[in-house]
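The values are calculated or read from the model by the stated rules, or taken from the named source; none is laboratory data. This structure is a prediction, so every number in the text was calculated from the model and none was measured. Glycine also receives a Cβ, built like all others from the backbone with ideal geometry; neighbour counts cover every protein chain displayed. Just the protein is used for accessible areas: all its heavy atoms, side chains included, with ligands, DNA and RNA removed. Shrake-Rupley method; radii C 1.70, N 1.55, O 1.52, S 1.80 Å.
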Amino acid sequence: MKKIWLIFKYEYVRRVKTRGFIFAVLSMPLLVVLAMVMAVISVSLQTSKLPAGYVDLSGNFANASTQAAAANLIGDIDLITFSDVSAGQDALAEEQIQALFVIQPDYMQTGAIIAYANERPGDNAYERIQDFLQSNLLAGEDAQVRERITRGSNITVRSLDGSRQASMRDWFVVLYPFLTGLIFIIVINISGGYLLQSVVDEKENRTMEVIITSVSPEQLMTGKILGNLSVGLTQLLIWLLFAAIGLAGMQMIYRANFVPSLTPDQIALFVGLILPGFILIAALMTLVGVSVTDMREAQQVSLLFTLPMVAPYWFAGALLQHPNHPLSVIMSLFPLTAVVSMPMRISIASVPLWQILSAYVLTWVSALAALKLAARGFRRGMLQYQHRIRLNEILKGKTHE
């Protein structure tokens, strides 16, 4: 175990110190900062710093509070009450306010409001009057009632046979498999590229021969795979952290009232499939690295393993429209496509438990089998740095003559 740890530490440290890794990690924070700056600029261009005014002709807001119910990061303005329309229009003419909202006498029956403005008011003026009306209309209600009315209903659409369902609010549950699958593909290609480069380089310069005198092929392979996978996972965690920060910032800027929600079962499913998926692809790429003679050839062969991961995006329409079709079931069980396909099906349909468990078992068994095969490939290829090793030689335990 100590030798595996040393190999893991060496692989991890040398990769995280490279310029490529540092640039890749910093790209997400820079993207988040850029997105938030652009959002601030966009919101600023659509808002005005002048207060808004209102006149209540309905008599329902005579003693209403003008304090904002929710803070806004950008564009908070005061709301001024006027006793009559003419006083408000005079203030508007003198540019003391950006807009005058006149609440009509029949507001409780029709919801009618007339807005006066010299030019188009900022979006914050409309948000401010809506916030004022809603908070005061709900002022006498129970806190739970106010919360339910503010958040609205959560409608779930289900087919008659119960095979498909979709929540109108939990859109993130459907989007999540697409995002995690895309991030998985990006990270596995990055960490897999590191792994391929490491194996091919050490095979070409015969460093592997020296290392193998101190550790077993299984220990060397395990340390390399875990080290390079950890590099990819580190990058993934940093990206997710800053993506969450960016999402929270966007909600504050736009005053959006949406919070992506995932159940523990959904999170466990994604993690339980992504982890063996990482190991499976890494082991297969290791096998490619010890089987070929140069990096260019290794990259070409590795496409055979990475292209299937993109297949669920090609068939996304079929997966979502017909989640229980035989093709959808097969793609959610096949280890190289299950990482994206199974979560995608679960987001829109009721998937039988036996299929979920089968996806788990098949993916983990494939990952462990790939690890065993990669270890055998290590053993066969560590001294054959000038020869290409065929898959049947690895499977049969033969060496190149």
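If you go through region 34-53 one residue at a time, do you hit one that is among the charged types (D, E, K, R), assigned to a helix (DSSP H, G or I) and exposed (fewer than 14 other Cβ atoms within 10 Å of the Cβ)? Step through it out loud before you land on a result.
Restricting attention to region 34-53, the residues satisfying the condition of being among the charged types (D, E, K, R) are 49.
Next, from what is left, pick out any that are assigned to a helix (DSSP H, G or I): none.
No, region 34-53 contains no residue that is among the charged types (D, E, K, R), assigned to a helix (DSSP H, G or I) and exposed (fewer than 14 other Cβ atoms within 10 Å of the Cβ).
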**Q.** Condition broken by residue 170, with the remaining ones in (1) buried (at least 17 other Cβ atoms within 10 Å of the Cβ); (2) modelled with pLDDT of 65 or more; (3) under 27 Å from residue 267 (Cβ atoms) satisfied
**A.** (2)
Q: Please state which one of 151, 146 is at pLDDT below 85, touching a helix residue (DSSP H, G or I) at 6+ places or on another chain (Cβ under 9 Å) and either under 30 Å from residue 340 (Cβ atoms) or not acidic (Asp, Glu) (or both).
A: 146
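Out of all the residues in region 330-354, which are small (Gly, Ala, Ser) and part of a helix (DSSP H, G or I)? Steps first, answer last, please.
The first filter runs over region 330-354 and keeps only residues small (Gly, Ala, Ser), leaving 332, 338, 341, 347, 349-350.
Within region 330-354, 332, 338, 341 meet the criteria.
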Q: Can you work out which of the residues in region 93-140 that are assigned to a loop (DSSP other than H, G, I, E, B) and among the aliphatic types (A, V, I, L, M) is least open to solvent (accessible area, probe 1.4 Å)?
A: 97
Q.
Testing residue 162 on (1) touching a strand residue (DSSP E or B) at 6+ places or on another chain (Cβ under 7 Å); (2) open to solvent by less than 50 Å² (accessible area, probe 1.4 Å); (3) modelled with pLDDT under 70, one condition comes back false. Which one is that?
A. (1)
Q: Could you tell me which of the residues 327, 357 is more than 21 Å from residue 267 (Cβ to Cβ), part of a helix (DSSP H, G or I) and open to solvent by 60 Å² or more (accessible area, probe 1.4 Å)?
A: 327
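For every residue, the table says whether it meets (1) in the same structural domain as residue 322 (by TED's automatic domain parsing); (2) in contact (Cβ under 8 Å) with a residue 12 or more places away in the chain; (3) more than 14 Å from residue 280 (Cα to Cα).
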position: 339; (1), (2), (3): yes, yes, no
position: 346; (1), (2), (3): yes, yes, yes
position: 350; (1), (2), (3): yes, yes, yes
position: 354; (1), (2), (3): yes, no, yes
position: 358; (1), (2), (3): yes, yes, yes
position: 361; (1), (2), (3): yes, no, no
position: 372; (1), (2), (3): yes, no, no
Q: Determine if region 58-67 includes at least one residue that is in contact with a strand residue (DSSP E or B) (Cβ under 8 Å, 6 or more places away or on another chain) and exposed (fewer than 14 other Cβ atoms within 10 Å of the Cβ).
A: yes
Q: Determine whether region 10-17 contains at least one residue that is at pLDDT 85 or above, more than 30 Å from residue 245 (Cα to Cα) and open to solvent by 80 Å² or more (accessible area, probe 1.4 Å).
A: no
Q) Are there any pairs, at least 6 apart or on different chains, whose C-beta atoms fall under 9 Å, with the first in region 1-23 and within 15 Å of residue 214 (Cβ to Cβ) and the second among the hydrophobic types (A, V, I, L, M, F, W, C) and in a loop (DSSP other than H, G, I, E, B), and if so, which? A) 3/215; 4/215; 6/215; 7/215
Q | Whichever residue in region 72-92 is open to solvent by less than 50 Å² (accessible area, probe 1.4 Å) and in contact with an Asp or Glu (Cβ under 8 Å, 6 or more places away or on another chain) and, among such residues, is nearest to residue 136 (Cα to Cα) | A | 72
